[in-house]
Amino acid sequence: MTQKKSLPATFMAGAISGTCSTLLLQPLDLVKTRLQVRTTASATSCGVAPNPMLVRGGMVATFTTVVQHEKLSGLWRGLSPSLSRCVPGVGLYFTTLTALQQTVVPEDRKATAFEALCIGGLARSLTCGALLPITVVKTRFESGNFQYSSVVGALKNVKTQEGFRGLYSGCYATLLRDAPFSGLYYLFYSEGKKALDDFHQRNGMEQFHTSMQFGVGLLAGILACGITHPADVVKTRLQSQIQRSSTISVAMQIYQNEGIATFLHGFAPRVMRRSINAALAWTLFDYVLSQMQLK
């Protein structure tokens, strides 16, 4: 029988893991966003002047351009909204995930593959809906096309100029990205941990090493990223523009004007960031939670 997790401890462990992973991996998120909004056509259609630094180059060139024009600190542009979203967001996600799991799955067994898929997707959907306005502001900070001075000021600016619809722009695309990603990630991660548990029990080992758990999380993140990346491109375009458009119309516009390959823009930094972030967050979460519950 597994030990029942304390929800306050779960939130705190999630918030700590979210803080560490966000501080470390923000540059990858910024580069991913820049790659996805870099074309002159997309910037013009957004209703903002295109940033000339975003028009050319791949992942390495984008890193270099940001450092040259915005100094090393430029790689952490958007850190404030990232922390505002990820610290409570990761805590809320793990808390919701734990609450759902303890409600749906009996204590005497682990979640089935289908249960893990549904629990992970629902937990992310609820968290995503609650924090979407900050996600919109985060995307705009990272794009380089908006000159907001603070998270609160950006939220007020969007609300004044675009109304509540502006604060929830890209909602469907975000859900299409985050719900499947988290459902698939939790499925792959849970099944991977089960396989490791079974392997170690068969070989008389008490517990697998943390590095092996991190490896399982890394692989789960890579697989989930590969499936959900096109929705991430559409989500970024929607949230970095002022003019209102639907998810389908933006997806069609990208396909018709820029080609299907555009749906892979920013894949390298995203798969690095999301897979490492998810693996790091889960590894830290499990470790911090175990330490907190031992006291």
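Bear in mind that the values in this text are calculations on the coordinates, not laboratory data. Keep in mind the model is a prediction, meaning the values are calculated, not measured. Note that each Cβ is placed from the backbone with ideal geometry, even for glycine, and that neighbours are counted across all protein chains shown.
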Taking K and R as +1 and D and E as -1, what net charge do the other residues with C-beta under 13 Å from the C-beta of residue 155 add up to?
+4
Assuming R0 = 41 Å, can you tell me the calculated FRET efficiency for the pair residue 255 and residue 219, based on Cβ-Cβ distance, to the nearest 0.05?
0.85
Considering the zone a paramagnetic label at residue 264 would reach in this model (a point 7 Å from Cα along the Cα-to-Cβ line), which residues of region 176-203 have amide N under 14 Å from it?
none
Karplus ³J(HN,Hα) for region 108-123 (6.51 cos²θ - 1.76 cosθ + 1.60, θ = phi - 60°; Hz, whole; x = Gly/Pro) runs 8, 8, 8, 5, 6, 4, 5, 5, 4, 4, 5, 5, x, x, 5, 4
Return the sequence-ordered ³J(HN,Hα) values of region 185-200 in whole Hz as given by the Karplus equation 6.51 cos²θ - 1.76 cosθ + 1.60 applied to θ = phi - 60°, using x for Gly and Pro.
4, 5, 4, 5, 5, 5, 5, x, 5, 4, 4, 5, 4, 4, 4, 6
Using all C-alpha to C-alpha distances in region 232-295, build P(r) with 5 Å bins and read off the rounded percent in each one.
3, 15, 17, 15, 12, 10, 9, 8, 6, 4, 2, 0
For region 272-277, Karplus-derived ³J(HN,Hα) couplings (6.51, -1.76, 1.60; θ = phi - 60°; whole Hz; x for glycine and proline) come out as 5, 5, 5, 5, 5, 4
For the chain, state the semi-axes of the equivalent ellipsoid (square roots of 5 times the eigenvalues of the alpha-carbon gyration tensor), sorted largest first and rounded to whole angstrom.
35, 19, 18
Against the rule of thumb 2.2 N^0.38 Å, how large the Cα Rg of region 172-295 comes out
1.33
Which value in deg cm²/dmol, rounded to the nearest 500, describes the helix-derived mean residue ellipticity at 222 nm for the chain, given -39,500 (n - 2.57) per DSSP H run of n ≥ 4 and division by the residue count?
-26500 deg cm²/dmol
Quick one: if the Förster radius is 41 Å, what FRET efficiency do residue 200 and residue 64 give, using the C-beta to C-beta distance and rounding to 0.05?
0.40
